[in-house]
Each structure stands twice: as structure tokens, then as C-alpha cells.
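The values are calculated or read from the model by the stated rules, or taken from the named source; none is laboratory data. What you see is a predicted model; the values in this text were computed from it and never measured. Note: ideal-geometry Cβ built from the backbone for every residue, glycine included; neighbour counts use all protein chains shown. For the accessible areas, the whole protein counts, side chains as well, though only heavy atoms, and no ligand, DNA or RNA atoms are used. Shrake-Rupley method; radii C 1.70, N 1.55, O 1.52, S 1.80 Å.
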Amino acid sequence: MHNEIKEVLISEEEIQAKCKEIGDQLTEEYEGRFPLAIGVLKGAMPFMGDLLKRIETHLEMDFMDVSSYDGMRSSGEVKIEKDLNTQVEGRDLLIIEDIIDSGLTLSYLVDLFKYRKAKSIKIVTLLDKPTGRTSHIKADVVGFEVPDEFVVGYGLDYDEKYRNLPYIGVLKPEVYGG
Ligand SMILES: O=P(O)(O)OC[C@H]1O[C@H](OP(=O)(O)OP(=O)(O)O)[C@H](O)[C@@H]1O
Ligand SMILES: [Mg+2]
């Protein structure tokens, strides 16, 4: 698997240090507020696991499974595969994502949670790819900015593979026939 990676963009150590940094920031911010942390499956799973261990105040967790990508392309349509089990009305929401690319997934979710009357919504994303943006959405907390390339690892897939890499990298072009 590792020999299919052309370049490591963000190492495992850098990711772990960032989780601690963001975790400290969120601990301070959410002390005494009992936020609902929402992981956007499947991609956010590794980041959510590492980040939440670094938030040292009470919180509740839930998951939403949405998908819009087919291979390397956004279909332009966000599909809910699994909805939350928790009511969001009146809650402080902390949405956890692996990447904001076109912004379509998050703008869909933010509209949905506003409609469901969340008290506050904060977006935390490990990666931001600003060059991919087609919809107006900005994260409140960004771990790293990535260049205009398709990235994999640490939750991010190409055709459902590479999510289990502990780092963020770029595939060799021959892997996807490029
Ligand atoms: O800003 P966007 O262009 O919407 O892209 C970002 C979203 O796309 C990916 O999810 P995907 O739909 O591939 O589902 P997955 O997490 O199960 O891979 C990623 O995990 C984000 O949720
Ligand atoms: Mg995907």
C-alpha cells in the first residue's frame, strides 16, 4: 500500500500534534457547554477519534453518513446514508470533517442543522482545499491547507482504499490511471 504513494504531504506526527493543538483550543471553548460532536462518515472517522481524545471536557458524539464522491469526482449531489440519532435543536454543534473541497457536503449539512434549529454550529476540518471551492463555506478551525491535488489517507479514500494510512499523501498517477 505505502509504495503506491508518490509523496507524503502531512506526516503522522504533524497530524497528532495538530489534534492536540485543536483539542486544547476546543477544551477551553466548550468547557461547561456539553456540545454535540458530529462526525461526517466515513472520512472523518480517524480524525474524530484522535481529536476527541484531546478535548478534555464533557461532550456527546453522533455520526452522520453522507457521500457525494464517485472516485475522484463530486457527483454534485449529497446523499444521506445515515442520519443522526440525536436531536440538534438548541444544541451547540461541532461538525468534524476530514476535508472541505468543493464545500458542497458542508453547505448541505449546515443548512440542514440550521433548519433543525441548532443553537450554534462550528466546523472543524483537518484539511482545507480552497482551490476546489464551488460553494460558499468556510471552516472555523482548519488543521492544514492542501494544494489542488487529490489526497488520500487518514480517512480520505480513493475508491474506498487508503483510509487506513496514518498520514496524508498523494497517489502515484499510475494508481488511478493518470
Ligand atoms: O467539500 P466536498 O467537495 O463536498 O468534499 C468533502 C467531502 O467529500 C468526502 O466524502 P465522500 O462524499 O467521498 O464520502 P466518504 O467520507 O465516505 O469518503 C470527504 O470525506 C468530505 O466529507
Ligand atoms: Mg470519499
Quick shape check on the stretch 1-154: root eigenvalues a ≥ b ≥ c of the Cα gyration tensor, a/c under 1.5 is rounded, otherwise prolate if a/b tops b/c, else oblate, and it reads oblate
Rounded to the nearest Å, what's the spacing between the alpha carbon centres of the stretch 1-49 and the stretch 73-146? Just the number, please. 15
Carbon plus sulfur fraction of accessible area for the stretch 11-150, probe 1.4 Å, in percent: 48
Could you give the dipole magnitude of the stretch 1-110 about its Cα centre, charging the beta-carbon of Lys and Arg +1 and that of Asp and Glu -1, in debye to the nearest 20? 200
Sequence of K20, K53, K117 when ordered by accessible area, the most exposed leading, probe 1.4 angstrom: K53, K117, K20
Run the simple label-point estimate for H58 and K20 please: 7 Å along Cα→C-beta, distance reported in nm. 2.8
Take the alpha carbon gyration tensor of the stretch 1-90, find the square roots of its eigenvalues, order them as a ≥ b ≥ c, and report rounded if a/c is under 1.5; if not, report prolate when a/b exceeds b/c, else oblate. oblate
Farthest towards the positive end of the dipole of the chain, among T27, M45, L84 and with Cβ unit charges of +1 on Lys and Arg and -1 on Asp and Glu, lies the Cα of L84
Say each of K114 and N3 gets a label point 7 Å from the Cα, pointing the same way as Cα to Cβ; how far apart are those two points in nm? 5.0
Would you mind getting the accessible area per residue of the chain, heavy atoms of the protein chains only, 1.4 Å probe, in Å²? 52
What FRET efficiency do you get for K79 and E28 if R0 is 45 Å and r is their Cβ-Cβ distance, rounded to the nearest 0.05? 0.80
